[in-house]
Every structure is written in C-alpha cells, then in structure tokens.
Amino acid sequence: MRLKAIISYDGHSFSGFQRQTSTPNTITATIERALLSLNIDSVIAGSGRTDAGVHATGQVIHFDIPDYWSDKDKLQRELNRKLKKIRIKRISTVESDFHARFMAKRRLYRYVFKRNRPSIFEEDYISHYSSFDTDKLRNGLKLFEGEHDFRHFHKTGSTVHSTIREIYRAYYRAYGEYNIIYFEANGFLRAQVRMMIAASMSYADGAMSLKALQEQIDGTTRHTTSIATAQGLYLARVMYS
C-alpha cells in the first residue's frame, strides 16, 4: 500500500533532505529509520530536495507499507512519537504509481527575513537584510516570472536534463516587521531559489543594476553567484493539480 504524507521539519537540525553516504543525519534517513522500527522497510521519496538548514511546512513524501498497517492514524501517531524535529501532518492512501516528485505540478517556497537582526530565538529560522528598496524588490522579482533558462541560477554538481523552469509567481509581502518573498514554479534547480533571492536583494539594495539582473535571467551574462542564507527558506506547499 502506498501512502502520501505531508510533513514539516526544522531544517536547522539536519544535513539536508536527501540521503547521504557521509552522514545519517538527513530527513530521508531519519524517517526511514523510524519506519524500520515499526517493521516498515521502505525507502521514501520527496517532492524536492531541500539543502541543509532549509525548512519545510509542506514537504510531500511517499512510501510503501505492508497491508497489516491499515490504521493510518495510529501509524501517524507512532511516527510522530519517534521523530524529533520532523512532524507528520497528514497521511493519505494513494494509487500505487503515485510519485511525490514526478507528479508534482507546482512548488511554493517562501523566504522570511527582517530588517532588524533576528533575536537568538529567531536566528535559525529568519534571515536578515537591513537595507533594501521594496519597490525595486517587487520590480526585480517580476522579472523572474515566465519560462526562462536558469543556467546562471543553480549550483553545479548535480545532473539535470534541462535548466529551463517556469516561474508562475514571484512576489514580496510585508507582515509587520517580517518580510516574505514567494516563488511558485513547476520546479526548481539546486539552490535556485536562494540564488534568485540573493540577486533580487542585490538589485533592491543598489548593488546590482536592473540591466544586469535581466541579463542573468536571460542567461546572457552571469553577474553574481551569491546564495542567500538558508535560515529563512521554507518549502511551503506542493501542488498536484
């Protein structure tokens, strides 16, 4: 039986989502160990791979369970009892060919930051940009919308068939002292969101021109390889229709 689970996690506590040979401290490996302790020997697949320090409020995974685990509510309770810094928010039964990554249509990330330096209770979860022009930030983000070749907005080191992605929405909102950037797309390359944020903030604080930002989005010239800090980034939602 295949299950789909929506999960949240504190990325600060882990070395990233994906399984790694160098450390057992990943989201994937931690959940798989919890499953194995319940006699469920299954690998999990996620809708996307978040880097070390990146959080999630709406990551989606799938895994397979034996038929005798028919009580999904009990399974959710048992997993949440065993897992630390990871929360299973909802579990549902899906078709046997469901795939959390390949069937996802849209992914939404949000990036939270403050002008004032975050308190010690916030610093692992909120980033910091002291000076920026909100109008320039909004205008810069709009340039990312649409289909582009993002070959200048991703980390190398992973094999991808194409660097073309479509950004459906890119926008900024302020909520009191908190500032949030949103990116919604059909998919993202490795570190793409953090690089788009860094470039947008560089334009918003006057360090990069609008022409340079547009040239990098167009793929004609690489002007920056800066990457925004991971603390404020959250995989917020994954959509399948």
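The values are calculated or read from the model by the stated rules, or taken from the named source; none is laboratory data. Just so it is clear, the structure is predicted and the values come from calculations on it, not from any experiment. Cβ coordinates were reconstructed from backbone atoms using ideal geometry, including for glycine residues, and neighbour counts include every protein chain displayed.
When only residues in the range 133-157 that are touching a strand residue (DSSP E or B) at 6+ places or on another chain (Cβ under 6 Å) and in a loop (DSSP other than H, G, I, E, B) count, which is surrounded by the fewest Cβ atoms within 10 Å (Cβ to Cβ)? Quick ask: steps written out before the conclusion?
Keep residues of the range 133-157 that are touching a strand residue (DSSP E or B) at 6+ places or on another chain (Cβ under 6 Å), which gives 137-138, 141, 144-145, 147, 149-150.
Checking which are in a loop (DSSP other than H, G, I, E, B) leaves us with 144-145, 150.
Numbers: PHE144: 22, GLU145: 17, PHE150: 23.
The extreme case among them is GLU145.
Would the range 182-199 turn up any residue that is closer than 24 Å to ALA56 by Cβ and of a type in the set (Ser, Thr, Tyr)? Yes, the range 182-199 contains at least one residue that is closer than 24 Å to ALA56 by Cβ and of a type in the set (Ser, Thr, Tyr). Of the residues screened, ILE65 is not one that is within 22 Å of ARG237 (Cα to Cα) and out of contact with any His (no Cβ under 6 Å at 6 or more places or on another chain).
For (1) under 16 Å from the mean Cα position of the chain (by Cα); (2) of a type in the set (D, E, K, R), each residue gets a yes or a no:
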position: GLN18; (1), (2): yes, no
position: ILE27; (1), (2): yes, no
position: THR30; (1), (2): no, no
position: ILE40; (1), (2): no, no
position: TRP69; (1), (2): no, no
position: LEU79; (1), (2): no, no
position: ARG90; (1), (2): no, yes
position: PHE102; (1), (2): yes, no
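Given the criterion closer than 16 Å to ARG237 by Cβ, in contact (Cβ under 8 Å) with a residue 40 or more places away in the chain and assigned to a loop (DSSP other than H, G, I, E, B), identify the matching residue among ARG110, ARG87, ARG101. Spell out how you get there, then give the answer.
Values: ARG110 fails: assigned to a loop (DSSP other than H, G, I, E, B); ARG87 fails: assigned to a loop (DSSP other than H, G, I, E, B).
Every option except ARG101 fails the conditions.
Consider TYR203 carefully, then state whether it is more than 17 Å from GLY48 (Cβ to Cβ), of a type outside the set (S, T, N, Q) and either modelled with pLDDT under 95 or in a helix (DSSP H, G or I) (or both). Answer is yes for this residue.
Quick one: in the range 163-188, of everything that is without any contact (Cβ under 8 Å) to a residue 12 or more places away in the chain and part of a strand (DSSP E or B), which residue is farthest from MET201 (Cα to Cα)? Quick ask: steps written out before the conclusion?
Our first condition is that a residue be without any contact (Cβ under 8 Å) to a residue 12 or more places away in the chain; within the range 163-188, this holds for 173, 175-176.
Still in the list and also part of a strand (DSSP E or B): 173, 175.
Values: ARG173: 14, TYR175: 18 Å.
Going through the qualifying residues, I end up with TYR175.
Quick check on this structure: which one of SER15, SER22, SER70, SER37 is surrounded by fewer than 18 Cβ atoms within 10 Å (Cβ to Cβ), touching a helix residue (DSSP H, G or I) at 6+ places or on another chain (Cβ under 8 Å) and of a type in the set (Ser, Thr, Tyr)? Write out each step before concluding.
Details: SER15 fails: touching a helix residue (DSSP H, G or I) at 6+ places or on another chain (Cβ under 8 Å); SER22 fails: touching a helix residue (DSSP H, G or I) at 6+ places or on another chain (Cβ under 8 Å); SER70 fails: touching a helix residue (DSSP H, G or I) at 6+ places or on another chain (Cβ under 8 Å).
Matching residue, one of SER15, SER22, SER70, SER37: SER37.
For the range 207-238, the set of residues classified as more than 19 Å from VAL54 (Cα to Cα), outside any helix (DSSP H, G or I) and touching a strand residue (DSSP E or B) at 6+ places or on another chain (Cβ under 9 Å) consists of GLY219 only.
With SER130, SER92 as the choices, which residue is farther than 20 Å from ARG169 by Cα and either touching a His at 6+ places or on another chain (Cβ under 9 Å) or part of a loop (DSSP other than H, G, I, E, B) (or both)?
Numbers: SER92 fails: either touching a His at 6+ places or on another chain (Cβ under 9 Å) or part of a loop (DSSP other than H, G, I, E, B) (or both).
The unique qualifying residue is SER130.
Assess whether VAL160 counts as being in a loop (DSSP other than H, G, I, E, B) and among the aliphatic types (A, V, I, L, M). Yes; evaluated as a whole, the condition is true for this residue.
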